[in-house]
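First the structure, in the form of structure tokens, and then the observations on it.
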Amino acid sequence: MLLSLIIAESALEIVPSKIVSHPSVVNQARRESKKPQEVLLDRSYHHAAMRNIPEAYRRGRPDIIHISLITAIYTPFFLEDKLQVFVHTREDKVITVGKGARLPKSYPRFVSLMEQLFQQKKIVSEDNILLDLKQENFTGLVKRLRPETVIGLSRIGKKSSFAEMAGSMAKTNGGTLVIGGFPRGHFSNTVSKEFDRILSVHEQPLEAHVVIARSIYELERVFG
């Protein structure tokens with residue numbers, strides 16, 4: 001059985017055209033010998049520029065995606081081809097992580113890889129597609145995966161636990177688990193309407209990579 005993990009509405013994007021000429025963007029691009037329109041939006045560098053874009057509080061956090069992916073793809077569950085991993089962005093782009101993919105554990109190298117991916121759409125190593133980027137909304141991705149159940153994890157969901165979530169997934173012939181890839185807030189209605197269930201698995205607000213680690217651990221226990 002193959003399960004799917006979607007990191008949804010992720011705060012991963014190239015600097016929007018509206019702020020591409022802002023000094024913080026231009027200066028960073030110059031330091032890195034890149035064009036401003038090729039730079040990944042990152043609040044650490046572009047905080048001042050981001051005041052001028054909508055929903056700035058949910059954007060510019062590629063570090064969340066980095067640590068979340070590293071947490072997921074180095075687990076036995078992924079390495080044994082029992083889990084497929086996708087990153088859906090707020091701009092309705094979908095990154096498919098190839099089987100056996102290895103990603104840089106160094107954050108600067110990860111950022112460079114993502115900037116390359118946004119330009120080239122594919123990252124290939126020895127004829128294997130490690131990362132594939134396509135324009136696709138969340139609904140389209142779910143339809144493509146055709147899971148028997150889609151479970152979203154959110155603090156506003158029904159009170160549950162990681163173990164109960166894994167048990168629910170075990171009762172299906174294939175399911176999709178959705179975790180938010182943004183720093184604050186909740187899933188949009190466009191995404192949450194695709195959920196069969198929304199569960200709150202802990203009383204504390206947990207960071208995405210912690211939720212992924214705990215979820216995969218329980219899934220491994222159930223599916224072996």
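Before moving on, here are some points about what is shown:
- Candidates L103, L133 - the one that is under 30 Å from K18 (Cβ atoms) and either part of a loop (DSSP other than H, G, I, E, B) or of a type in the set (K, R) (or both): L103
- Options R221, R184, R214; residue that is of a type in the set (K, R), surrounded by 14 or more Cβ atoms within 10 Å (Cβ to Cβ) and in contact (Cβ under 8 Å) with a residue 24 or more places away in the chain: R214
- Residues of the stretch 36-76 that turn out to be of a type in the set (A, V, I, L, M, F, W, C), in the same structural domain as L177 (by TED's automatic domain parsing) and touching a strand residue (DSSP E or B) at 6+ places or on another chain (Cβ under 8 Å), as a count: 5
- Qualifying helices (runs of 4 or more DSSP H) (wholly inside the stretch 1-81; at least 1 residues being over 30 Å from I151 (Cβ atoms) and in contact with a helix residue (DSSP H, G or I) (Cβ under 8 Å, 6 or more places away or on another chain)): 23-31, 43-46
- Single unsatisfied condition, G175 versus (1) surrounded by fewer than 14 Cβ atoms within 10 Å (Cβ to Cβ); (2) in contact (Cβ under 8 Å) with a residue 60 or more places away in the chain; (3) within 19 Å of L2 (Cα to Cα); (4) not hydroxyl-bearing (S, T, Y): (1)
- When K159 is tested against (1) within 16 Å of S4 (Cα to Cα); (2) among the basic types (K, R); (3) at pLDDT 95 or above, exactly one condition is not met: (1).
- The residue of the stretch 125-149 that is nearest to the chain's Cα centre (by Cα), among those that are surrounded by 13 or more Cβ atoms within 10 Å (Cβ to Cβ) and of a type in the set (S, T, Y), is T139.
The values are calculated or read from the model by the stated rules, or taken from the named source; none is laboratory data. Please read these numbers as outputs of a predicted model, since none were measured by experiment. FYI the Cβ positions are ideal-geometry reconstructions off the backbone, even for glycines, and counts take in every protein chain you see.
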